[in-house]
1. Within region 156-189, list the residues whose amide N lies under 15 Å from a label point set 7 Å along Cα→Cβ of residue 332.
2. Would you compute, from DSSP H runs of 4+ residues alone, the mean residue ellipticity of the chain at 222 nm, taking -39500 (n - 2.57) per run and dividing by the full residue count, rounded to the nearest 500?
3. So what is the relative contact order of the chain, in percent, for Cα pairs below 8 Å that sit 6 or more residues apart?
4. Please arrange 400, 87 by how many other C-beta atoms lie within 10 Å of their C-beta, fewest to most.
5. Per q in 0.20, 0.21, 0.26, 0.31 Å⁻¹, report the Debye log10 I(q)/I(0) for region 139-178, using one uniform scatterer on each alpha carbon and no solvent.
6. Per the Debye formula with a single identical scatterer at each Cα and no solvent contribution, what log10 I(q)/I(0) holds for the chain at q = 0.06, 0.08, 0.10, 0.11 Å⁻¹?
7. If you project the alpha carbons of region 119-202 onto their three principal axes, what span does each projection cover, largest first, in Å?
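Each reported figure results from applying straightforward, stated rules to the coordinates on display, with no laboratory input. As the structure is a prediction and not an experimental result, all values here were calculated from the model. Reconstructed Cβ throughout: ideal geometry from the backbone, glycine too, with neighbour counts over all protein chains shown.
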Ligand SMILES: Cc1ncc(COP(=O)(O)O)c(C=O)c1O
């Protein structure tokens, strides 16, 4: 490749252009529907990709055309296509065209937004787009927002700020060997995402300090059980640190009763963190805004534009009314990071653990401007309508049983052939059926465990997903269910 290098050691401008144009053409076709040509779920077994990769790094420069060909031949077969319209697993997402353009520019600029000075636009754009989002979601004016990579990190930072509020000494003294510091407890429903328990592990609260509160018949936190757990912990000498309410749980997208939870927090003192990673976006729609009711009383709230707002992964928003507390928890400025503006501007390194930060706001800005609030709402409504049609179909199909309400765009259900009553057999049958449907390469669904047993999940969130895709999903499900029923010996 030495002939491709410019004098500076970069690629020559002409070579960069040639390579980039080929890639952009490929991505344009991919986003325009070519993604459908690939099986949505990668058809490789473990290590099948790695055996085709050299074990040592190249000693000398590889030719860029060869690298491109290896991408097509070696890498692509091992890709699961999250941007495929048939991707309906976990939470369906879309790295949309405008978002990809923002990413491209961010990569080209390669700024590090650790300090205001290290790229003023990166900081100011971030603060401004998050203000747009705060206002569009009707969250309190004056709340401060900043970006992180994922909801897992945003939630961990929220709980770290809660710890700072509860124990201002902790930053200096740590938590070990402190007779003055009772053990801390964090409460979330048993439907909360595993990232909350992981945050407890990372923050020294430990899994012993994590309380999984039972859910009600619609998978929402049981607030009476929350009150009881807090009272029991207090009586045992523990300090309730935080309650995490989930708006849009991972399995069923249920919404915890935030107003009642906020009331408990106000009475008993713990921090209220809201995990709205998936469903926060839905609150842009007036008819779904109810899901954030009560959140104006939260101490921190996370939602992920990379889940259902068409922004390429990764992009997670953390909002809080307590900007100062986050800074108190995390700011630590060595001489080499001071600037003439220190103390007069927002330096984003002060709000979390990481120093270096990507220019994530650029892709978010691109998406918000290219779609507009109304454009995003229109697309969310289409997804919700598709999910509701699917739910209605499941309700009418004798072989299927819906297992949870459908507040947004995720449907949980299972196949239940007449005569099959054994719980283990039903679970096995549904997991087998899932594998069969996923082997089609046309759709990719995931599963979870609900009160009734194993549930299949269809999560609609891709911009390219149409009625035809959902109909095809239904056909595959019906076909697999019919044959599963037959082999279960029901004759149906
Ligand atoms: C409710 C909820 N919270 C948090 C997460 C974790 O998100 P991330 O991958 O951004 O850490 C998820 C992931 O699906 C989720 O559903």
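1. 160-161, 164, 169-176
2. -13000 deg cm²/dmol
3. 20 percent
4. 400, 87
5. Here the Debye-derived log intensity ratios amount to -0.75, -0.79, -0.93, -1.01.
6. Reported log10 I(q)/I(0), two decimals: -0.32, -0.57, -0.88, -1.04.
7. 45, 33, 23
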